[in-house]
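The values are calculated or read from the model by the stated rules, or taken from the named source; none is laboratory data. Predicted model, so just to flag it, every value in this text is computed and none were measured. Cβ: placed from backbone, ideal geometry, glycine included. Neighbour counts: every protein chain shown. These area figures cover heavy atoms from the full protein model, side chains too; ligands, DNA and RNA do not enter into them. Shrake-Rupley method; radii C 1.70, N 1.55, O 1.52, S 1.80 Å.
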Amino acid sequence: MADLHGVYVRTAAGLEEIRARAHNLTRPQRNLLIVLDGRNALGTLAASIGSATEHLAESAEALLKAGLIARAGGAPQDAGEQAEAVSAQALITLAEGFFGGRADPVVRKLEKAGESPAELLQAVESAAKLAKLTIDEPKAAQFLIEARKLIGK
């Protein structure tokens, strides 16, 4: 069963599912996929989608099994811990969702990121600049916004 204290992010497949609606998700599963932000523990999202926590855990488990979400890190308690819970891998997953098959140069930049929030932010900003110049300016801008949310900046 999905951990209600865990923090989850959408995978590239999850981002695509929001656009394509290919998996015949239930309304609670789709709502959860949409509200996942990579910063809040799963259990705190129950009220925002109008779901009891036991149903939320079931929805999350289905999304995990379908590969639409992945665990981002620990169970953050405050803003400082939230930033530390984000890993370069969560940012890579986000980049792959935004840029698809063209994500490789962006991913390489993110793979070189350090572990601290400041280092992750620096890598994200550099990756977004690269994406803006070589892939797609609007997608790069949206990627930067979402990545900053994940990092907590």
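In the range 38-52, the residues that are open to solvent by 60 Å² or more (accessible area, probe 1.4 Å) reach residues that are aliphatic (A, V, I, L, M) and in a helix (DSSP H, G or I) with C-beta atoms within less than 7 angstrom, at least six apart or across chains, in these pairs: R39/L150; S48/V35.
In the range 52-59 there is at least one residue that is outside any helix (DSSP H, G or I), at pLDDT below 90, over 17 Å from R39 (Cβ atoms) and not β-branched (V, I, T).
Scan the range 129-143 for residues that are part of a helix (DSSP H, G or I) and either open to solvent by 30 Å² or more (accessible area, probe 1.4 Å) or more than 14 Å from G97 (Cβ to Cβ) (or both) and jot them down. Show your work before the answer.
Taking the range 129-143 and keeping what is part of a helix (DSSP H, G or I), we get 129-134, 137-143.
Answer for the range 129-143, where residues must be part of a helix (DSSP H, G or I) and either open to solvent by 30 Å² or more (accessible area, probe 1.4 Å) or more than 14 Å from G97 (Cβ to Cβ) (or both): K129, L130, K132, L133, T134, E137, P138, K139, A141, Q142.
The criterion of being modelled with pLDDT of 85 or more and within 18 Å of the chain's Cα centre (by Cα) holds for A103.
Selection of the range 37-51 for residues being in contact with a Gly (Cβ under 9 Å, 6 or more places away or on another chain) and assigned to a loop (DSSP other than H, G, I, E, B) yields G38, R39. Consider the range 5-36 and keep the residues that are open to solvent by 50 Å² or more (accessible area, probe 1.4 Å) and not in a helix (DSSP H, G or I). The one that is nearest to S87 (Cα to Cα) is H5.
Which members of the range 112-128 meet the condition of being part of a helix (DSSP H, G or I) and touching a residue at least 24 places away in the same chain (Cβ under 8 Å)?
So the first thing to find is which residues in the range 112-128 are part of a helix (DSSP H, G or I), and the list is 117-128.
Residues satisfying the conditions are P117, L120, L121, A123, V124, A127.
Does K109 satisfy being part of a helix (DSSP H, G or I) and over 21 Å from Y8 (Cβ atoms)? Yes: the conditions hold for K109.
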